[in-house]
Amino acid sequence: MLAPIFFVIAVIAVAIYAHRHADTRKCRWREDRAGAKGALMRYNCVTCGAEAYRANGKPDKCLAGLEKPGL
């Protein structure tokens, strides 16, 4: 009788744990030392193709949705 209740609670707990950082897991940042500009390191996302220049480590969120400057 209690087994189905514990199973439902376990499934809900796993679902909450798996989606707690869903926005940061979309991007996988890789450091590109050849593209560095002085103290700024270049980072490329292998998932969405975004690029970022940072001085203090890789970005902590997905940058794919940001507006790109046009001509």
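Whenever a residue of the range 50-61 is farther than 17 Å from G38 by Cβ, its partners that are aliphatic (A, V, I, L, M), lying with C-beta atoms within less than 8 angstrom and at least six residues away or across chains, give the pairs A50/L63; A50/A64; A50/L66; K58/A52; P59/A52. When the test is whether a residue is touching a Ser or Thr at 6+ places or on another chain (Cβ under 7 Å) and at pLDDT 75 or above, D32 does not pass it. Assess whether R20 counts as being among the charged types (D, E, K, R) and at pLDDT below 85. Answer is yes for this residue. Inspection of the range 39-48 identifies no residue that is surrounded by 10 or more Cβ atoms within 10 Å (Cβ to Cβ), in a loop (DSSP other than H, G, I, E, B), out of contact with any Gly (no Cβ under 7 Å at 6 or more places or on another chain) and modelled with pLDDT under 75.
The values are calculated or read from the model by the stated rules, or taken from the named source; none is laboratory data. Keep in mind that what you see is a predicted model, and the values were worked out from it rather than measured. Because the Cβ atoms are built from the backbone with ideal geometry, glycine has one as well, and the counts that use them run over all protein chains shown.
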